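Participant: Here it is, the structure, as structure tokens.
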Amino acid sequence: MTLIDLANPTKFLSLTGRILPWLAAATAILLVIGFYQAAMAPDDYQQGATVKIMFIHVPNAWLSMFVWGVMSLAALGTLVWRHPLADVAAKAAAPIGAAFTFLALVTGSLWGRPMWGTYWQWDARLTSVLILFLMYLGLIALWRAVDDPSRAARAAAILTLVGALNLPIIKFSVDWWNTLHQPASVLRMGGPTLDRAFLIPLLVMAIGFSLLFVTLHLAAMRNEILRRRVRSLQIMQASQQAA
Amino acid sequence: MTLGPYASFIVTSYALVAAVVLILIVWIAIDYRRQKERLRELEASGVVRRSGRSASDIR
């Protein structure tokens, strides 16, 4: 099966039906290993046991941006190549991305209270991630507001590409402005500054959460294709009844 | 493993992540069943795709 074949929704459904159980199993195994390693990781000399929140906060924060990146590629697929699965992919990813962003915000807040002395600060990193969360909600609302999915897709694609401008702002906010949030300690020039005792569980959790996203996204795309089939059959039924 | 004086913050974070991920999984699984059920009902009422293939058969 080539990549072009996947443009066919029926072939895509057939493929997802075969690979989803394997992806789900791989996700579960990686997350179990990751949670075990996170539980066994030593306390940080400054933060104590609260460093364990990092193992769930950071993967969710990464995914909050990664999912928008995936949606931006899908938006290009909708606007430039009119790929039949592009808007399906974008629509299916939005609620999952919103959930990851919500978790990044809340776990960050729960980490911030004992470490910074506050749940929230209107600084550049926190505010730009909150804006990302609101954009996810706006996109979901847009998809729901327009009845015809192909019409909604173009408007959503434009909004997604405009929203992608926020991604470098989030990433570099800690370098460009004075913020309460710490600077990058993994994806940075010069390599990670984290000790291996924290870095390895973090990477395992990050890969596990990324696989979780891929699994959920493929399953949600399958649902969206079926929903569109329901819609087209309902339209056919209505036209048959009218005739 | 001791979680120290901020155990409630750590436990709440992990519980919240587990709950939200579980809600996502259940929501997607229920949506899948619902769409398949609606397709079966439509096909049972005599509406078929232009290709003639079953819409609910995804193998």
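Participant: Count neighbours as other Cβ atoms within 10 Å of each site's Cβ, and list the trypsin sites (Lys or Arg not before Pro) in the range A:32-130 that are DSSP loop with at most 15 such neighbours.
Facilitator: Sites meeting the loop and neighbour criteria: A:Arg82.
Participant: I've got another one for you. Pick from A:Leu180, A:Leu126, A:Leu31: which residue has the top mean-square fluctuation in a GNM of chain A where Cα pairs under 10 Å get a spring?
Facilitator: Result: A:Leu180 has the largest fluctuation of those listed.
Participant: Let me make sure I get this right: for the range A:160-243, a, b and c are the square roots of the gyration tensor eigenvalues over alpha carbons, sorted descending. Under 1.5 in a/c it's rounded, otherwise prolate if a/b > b/c, else oblate. Which is it?
Facilitator: Note, shape of the range A:160-243 comes out oblate.
Participant: Continuing with this model, one more query. Scaled to the compact-protein estimate 2.2 N^0.38 Å, what is the alpha-carbon radius of gyration of the protein assembly as shown, rounded to two decimal places?
Facilitator: 1.11
Participant: List the aspartates and glutamates whose Cα sits under 19 Å from the Cα of B:Lys36, skipping any in the same chain fewer than 8 residues away.
Facilitator: By straight Cα distance, B:Lys36 reaches A:Glu224, B:Asp57.
Participant: With 24 Å as the cut-off, how large is the P(r) tail for the range A:1-122, expressed as percent of Cα-Cα pairs? Provide the component values of the computation, followed by the final result.
Facilitator: Working: 3407 of 7381 pairs.
Tail of P(r) above 24 Å: 46 percent of Cα pairs.
Every number here is computed from the coordinates shown, using simple stated rules; none is lab data. Treat the numbers as computed from the prediction; the structure is a model and nothing was measured. Positions of Cβ are generated from backbone atoms using ideal geometry, with glycine treated the same way; all protein chains shown enter the neighbour counts.
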